[in-house]
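This report refers to the structure that appears directly beneath it.
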Amino acid sequence: MQSFLPGPAGLVTNPFQDDKLHEECGIFGIFGAAPDAAAHTALGLHALQHRGQEAAGIVSFNGERFNSHRALGHVGSAFSAEKVMANLQGASAIGHVRYSTTGETILRNVQPIFAELVFGGFAIAHNGNLTNAQRLRRELVSCGCIFQSTMDTEVIIHLLATSRFLNIQDRLVDALRQVEGAYSLVILTQDSLIGVRDPHGVRPLVIGTLKGAPILASETCALDIIGADFLRDVEPGEIVIINERGITSRKPFTKAAHRFCIFEYIYFARPDSVVEGTSVYEARKRIGAELARESHVDADVIIPVPDSGVPAAIGYAQQSGIPFELGIIRNHYVGRTFIEPTDQIRHLGVKLKHNANRANIAGRRVIMVDDSIVRGTTSTKIVEMVREAGAREVHMRIASPPTTHSCFYGVDTPERSKLLAARHDIEGMRAFIGVDSLAFISMDGLYRAMGEPGRDADSPQFCDACFSGDYPIALTDQSGGGNAVQLSLLAESA
Ligand code: SF4
């Protein structure tokens with residue numbers, strides 16, 4: 001979703017649509033790590049920056065009071081000032097990075113959210129999206145609740161505040177039993193750090209430890225950056241309570257089928273992370289190898305669309321025996337913020353980020369490997385660039401099945417009508433992108449690459465709804481269970 005947010009000195013965010021799905025959030029929490037809890041959290045968020053680049057926040061607790069800092073922009077700029085970090089004292093902290101879904105990234109929508117409740121301070125950071133938040137919000141507003149933000153996550157706070165149960169844990173269970181959707185949460189109270197994964201375990205959450213201080217993080221790369229050890233994944237439907245007495249676990253929800261987001265392996269997670277026991281890098285290579293087995297074509301060179309297509313292209317090259325070369329070079333210094341482009345330079349968009357490496361392309365039959373196609377606009381421009389660089393043939397291989405449906409579980413997806421695969425069959429997409437041949441990995445091939453015999457049609461082993469339309473969690477708000485008036489308000493999700 002393109003968002004033009006005026007910033008300082010005429011800067012805007014997202015001037016060039018990069019035509020990718022975007023994970024919307026990354027979360028981190030640490031307990032008992034005085035005096036560096038906030039510094040560790042900032043570093044953890046820095047490692048999770050790929051999960052959200054538009055805003056970041058940290059809340060810490062120093063034994064007496066909660067302190068918070070939330071800002072638009074990258075973690076580096078949000079937490080570089082000494083004064084900011086000095087204010088975030090305490091032995092415990094949680095943090096959040098955010099990618100805005102629609103509209104402006106306004107500061108009151110930046111997490112963690114903090115509230116003073118009857119039992120004390122409560123801060124929460126959320127990765128995912130609640131699919132019945134609009135309905136719940138309508139009910140809460142009619143009971144007198146006053147919302148401060150347009151985030152679905154705030155619903156959890158109000159459910160907790162109005163719960164009839166006495167202690168925080170029971171109130172939390174009571175609140176979460178009423179919400180539907182995908183959620184991994186980190187929560188900070190006066191005496192505990194709490195981690196939760198929804199019963200389907202759609203989004204990731206891991207537990208680590210740094211010199212005895214327990215950590216919760218979206219991905220293991222956030223543990224690596226501070227030298228922490230990985231302990232285990234938080235299990236689907238599990239609530240992990242970390243306090244002075246250690247780590248305890250509760251599983252109070254009705255057991256549900258595990259439906260982890262398969263797109264985390266294809267694109268969202270960092271390749272150096274290990275997710276649910278599987279190396280993301282190795283998974284991507286296996287997907288590339290499977291793609292090569294399924295859709296071989298004679299060619300002279302395999303080139304990845306950087307950076308996300310690289311591991312799959314390596315797997316494709318190893319399986320096919322065709323040489324791997326860097327035929328497209330990515331400029332890493334084009335951020336999400338750029339001086340407002342004039343119409344004359346806007347058309348250069350893709351060239352600001354990618355350039356063809358002519359020496360590896362001219363006169364050759366090229367196989368380009370990418371992780372996915374969303375709208376197809378960037379693919380079209382890259383193919384044009386590769387042809388201009390002298391490629392004799394251009395074949396495109398995609399390391400995911402066609403993206404035919406939108407995600408409602410915490411990933412920024414264009415509406416369905418904008419997805420290339422929802423509008424065209426393979427031949428139509430091939431013609432749109434302008435390649436000599438186009439192939440996607442099959443759904444069974446993708447599952448084989450993930451170590452499964454194939455996709456279990458009755459009970460799929462992952463969430464793959466953006467490829468299949470098989471949504472594992474009810475889309476209550478989408479199906480009219482929400483409040484149309486508030487639909488626009490809740491367009492922002494965690
Ligand atoms: Fe992941 Fe797609 Fe499911 Fe969303 S719909 S959770 S992106 S697999």
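The values are calculated or read from the model by the stated rules, or taken from the named source; none is laboratory data. Bear in mind the structure is a predicted one, so any value in this text is a computation, not a measurement. Every residue, glycine among them, receives a Cβ derived from its backbone with ideal geometry; neighbour counts consider all protein chains shown. For accessibility, only protein heavy atoms count, side chains too; no ligands or nucleic acids. Shrake-Rupley method; radii C 1.70, N 1.55, O 1.52, S 1.80 Å.
Quick notes on this structure:
- Here the helices (runs of 4 or more DSSP H) wholly within region 36-87 that include at least 1 residues being surrounded by 24 or more Cβ atoms within 10 Å (Cβ to Cβ) are 37-47, 75-78.
- Qualifying residue in region 134-147 (condition: surrounded by 15 or more Cβ atoms within 10 Å (Cβ to Cβ), under 21 Å from Gly26 (Cα atoms) and more than 16 Å from the ligand (Cβ to nearest atom)): no
- Close Cβ contacts (under 7 Å, 6 or more residues apart or on different chains) running from residues in region 173-188 that are in the same structural domain as Pro112 (by TED's automatic domain parsing) and free of Cβ contacts under 8 Å to residues at least 40 places away in the same chain to residues that are more than 16 Å from the ligand (Cβ to nearest atom) and outside any loop (DSSP other than H, G, I, E, B) comprise Ala175/Ile156; Ala175/Leu159; Ala175/Leu160.
- Members of region 442-454 found to be open to solvent by 60 Å² or more (accessible area, probe 1.4 Å) and assigned to a helix (DSSP H, G or I), listed by number: Asp444, Arg448
- With respect to the conditions (1) open to solvent by 10 Å² or more (accessible area, probe 1.4 Å); (2) hydroxyl-bearing (Ser, Thr, Tyr); (3) over 26 Å from Cys407 (Cβ atoms), Thr189 lacks only one, and its number is (1).
- So Thr209, is it outside any strand (DSSP E or B), open to solvent by 10 Å² or more (accessible area, probe 1.4 Å) and among the polar types (S, T, N, Q): no
- Unmet criterion (only one of (1) hydrophobic (A, V, I, L, M, F, W, C); (2) assigned by TED's automatic domain parsing to the domain that holds Thr403; (3) more than 12 Å from the ligand (Cβ to nearest atom)) for Ala474: (2)
- Criterion (open to solvent by less than 40 Å² (accessible area, probe 1.4 Å), more than 16 Å from the ligand (Cβ to nearest atom) and part of a loop (DSSP other than H, G, I, E, B)) met by exactly one of Gly227, Gly237: Gly237
- Of Arg365, Arg293, all but one fail to be at pLDDT 95 or above, farther than 21 Å from Pro401 by Cα and over 26 Å from the mean Cα position of the chain (by Cα); the exception is Arg365.
- Residue within region 282-302 that is within 16 Å of the ligand (Cβ to nearest atom) and in contact with an Asp or Glu (Cβ under 6 Å, 6 or more places away or on another chain) present: no
- Search result, residues across region 399-430 that are over 20 Å from Val369 (Cβ atoms) and of a type in the set (Gly, Ala, Ser): Ser406, Gly410, Ser417, Ala422, Gly428
- Only a single criterion out of (1) among the hydroxyl-bearing types (Ser, Thr, Tyr); (2) more than 27 Å from Ala38 (Cα to Cα); (3) within 27 Å of the chain's Cα centre (by Cα) is not satisfied by Tyr183, namely (2).
- Applying the condition of being open to solvent by 30 Å² or more (accessible area, probe 1.4 Å) and of a type in the set (Lys, Arg) to region 393-441 and asking which residue is nearest to the ligand (Cβ to nearest atom) yields Arg416.
- Residues that are within 16 Å of the ligand (Cβ to nearest atom) and not in a loop (DSSP other than H, G, I, E, B), drawn from region 240-276: Phe260, Cys261, Phe263, Glu264, Tyr265, Ile266, Tyr267, Phe268, Val275
- Selection status of Gly201, assigned to a loop (DSSP other than H, G, I, E, B) and either modelled with pLDDT under 95 or within 20 Å of Leu172 (Cβ to Cβ) (or both): yes
- Filtered residue count, region 313-329, keeping only those that are closer than 10 Å to Leu291 by Cα and aromatic (Phe, Trp, Tyr): 1
- Residue match in region 199-206 (condition: in contact with a strand residue (DSSP E or B) (Cβ under 9 Å, 6 or more places away or on another chain) and more than 16 Å from the ligand (Cβ to nearest atom)): yes
- Of everything listed in (1) within 21 Å of Ser218 (Cβ to Cβ); (2) open to solvent by 10 Å² or more (accessible area, probe 1.4 Å), the single unmet condition for Arg177 is (1).
- Residues of region 279-291 include none that is assigned to a loop (DSSP other than H, G, I, E, B) and not β-branched (Val, Ile, Thr).
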